[in-house]
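J.: Input: one structure, supplied below.
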Amino acid sequence: MNSPFVEARTILDTLHQAGYEAYYVGGAVRDFLLNRQIGDIDIATSAKPVDVQHLFKHTIDVGAEHGTIIVLHNGSPYEVTTFRAEGEYVDNRRPSHVVYISSLIEDLRRRDFTINAMAMDINGKIVDYFNGKAHLSEKLIQTVGSPEERFNEDALRMLRAVRFVSQLQFTLCPKTKKAISDHAHLLKEISVERKTVEIEKLLMGVNQKQALAMIVDTNMHSYLPGLERKKDELIRLSTYDMRVLKTNIEHWSLFTNCIQPRSVEEFLRKWKLPNKLIKAVKKNIDYLTIVKEKQWSDFLLYEAGVETAVSVERLCTLMIDPKQVEGNVKRIIDRFQQLPIQSKSQLNVTGHDIIDFLKKKPGPWVSKVIFEIEKAIVAKKLENNKSAIKEWLMTCNLDFDQNY
Ligand code: ATP
Ligand code: MG
């Protein structure tokens, strides 16, 4: 067994010694069998949340009412969830109550897809009641039990199905796909936050092209924020090979750029993304718009900063000729590194120096003068040293009174 599981072994051991059952479950078991990198390790146990809290020194109660306690072990968090079935579902999205049960099989039965419904015991033996292993080798996404029922219980599962298509390069089993087409409208009830998690994983998956095409095919896009009437735009997006993109900022930038919303900010707010991400995507799209019209100038590169310049170049090239991406990005980095200065912080004068040189009262003119100095230095018309800048300021005839 590989190391993430070995790390978590002590938790299973402790639970066993106290007389409880405990297994690794869900995504980690799936990824282990697929030889993929293992993300979070989730543990299912017959111990109740209070018992888990008593057994371990460092725990965080993240949802004891749903049966989940986080156990911190060697600095890593592990979700330990009590075997549970779910009471009746309301609003196609949440069970009305949680029922603790004593059997692993019932806990696995409530899980979304057969490939996510396997458990592994402390010795590495796989528990597979629903054909998960077979579906892994057939590369098939199939619900545990009737897809209609499972999507009625929680409509998010439809979006999860397609995000696994993207991440794992699997296909939907025909019944599961048909049920998605028939029940796409149930996504209306699902919170934006849950949709955002799945779309982000979908965009970053290796098979996003097929997954996006499937979103359109099943009409799920009609129930996703800002995508209601964006079928053609999504199809266009699905023609790009996003695997060359590196960050979630770049993924959201390409996504937003293809969707062409009336307002970029409004669109991203609909997805309830963090402010920092929204700001970075907006900046990328602003520069993308400029660079589509005209080439990078040295000053444009300087203003954008290396992070934005690299992302914009990557996005821009991806849309024209994906084979050129790495070469073009490298050229941009080289050009950026050859700029006389890369940021304002490298200027060898401060606002105080400028006030002192020109013997004028402080005011908004100072930052405008700094801007002119930056332009002159980046254009290699001025050297970045204090005395050269002073002399330039004294002789360059900037019209401080009128324009500054
Ligand atoms: P990832 O690698 O992206 O974390 P994952 O399969 O671990 O994928 P999680 O969202 O972390 O996905 O969920 C952990 C497990 O919980 C799943 O493998 C599945 O067994 C179960 N699960 C998660 N969401 C649902 C859901 N909406 N309905 C039923 N079971 C679910
Ligand atoms: Mg997980």
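J.: What's the carbon and sulfur percent of the chain's accessible surface, probe 1.4 angstrom, rounded to a whole number?
T.: Its accessible area is 48 percent carbon and sulfur atoms.
J.: While we're looking at this one, here's another question. Residues of region 240-339: accessible area per residue at 1.4 Å, in Å²?
T.: 52
J.: What distance in nm separates the two pseudo spin-label positions at K386 and K294, each 7 Å out from Cα along the beta-carbon direction?
T.: Taking the simple label geometry, K386 and K294 are separated by 3.6 nm.
J.: Next up: Give me the percent of Cα-Cα pairs in region 240-391 that sit more than 26 Å apart, rounded to a whole number.
T.: The answer is 39 percent, as a whole percent.
J.: Give the Rg (one decimal place) followed by the Dmax (whole number) of the chain, computed from C-alpha coordinates and expressed in Å.
T.: 27.6, 86
J.: Identify which of T176, T114, T350 has the largest mean-square fluctuation in a Gaussian network model of the chain, with springs joining Cα atoms closer than 10 Å.
T.: In the Gaussian network model the winner is T350.
J.: Rounded to whole Å, give me the distance from the Cα center of region 381-395 to that of region 294-312.
T.: With region 381-395 and region 294-312 each reduced to a Cα centre, they are spaced 25 Å.
J.: Residues with beta-carbon under 13 Å from that of L34, excluding L34: net charge, scoring Lys, Arg +1 and Asp, Glu -1?
T.: Summing Lys and Arg as +1 and Asp and Glu as -1 gives +2.
J.: Largest first and to the nearest Å, give the Cα extent of region 154-312 along each principal axis.
T.: Taking the Cα atoms of region 154-312, the three principal extents are 56, 27, 24 Å.
J.: In addition: Go through region 291-363 and name the trypsin sites (Lys or Arg not before Pro) that are in a DSSP coil and have 13 or fewer other Cβ atoms within 10 Å of their Cβ.
T.: Those satisfying the criteria are K294, K359.
J.: First obtain the Kirkwood hydrodynamic radius of region 140-220 from its Cα pairs, then insert it into the Stokes-Einstein equation at 25 °C and 0.890 mPa s, and state the resulting D in µm² per second as a whole number.
T.: 201
J.: Starting from the residue with the highest accessible area, list T59, T45 in decreasing order, probe 1.4 Å.
T.: Per-residue accessible area, sorted high to low, gives T59, T45.
J.: Which whole number of Å³ per residue matches the convex hull of the alpha-carbon atoms in region 1-138?
T.: 109
The values are calculated or read from the model by the stated rules, or taken from the named source; none is laboratory data. Please read all numbers here as calculations on a predicted model, not as lab measurements. A quick note on method: Cβ atoms are made from the backbone with ideal geometry, for glycine too, and the neighbour counts reach across all protein chains shown. These area figures cover heavy atoms from the full protein model, side chains too; ligands, DNA and RNA do not enter into them. Shrake-Rupley method; radii C 1.70, N 1.55, O 1.52, S 1.80 Å.
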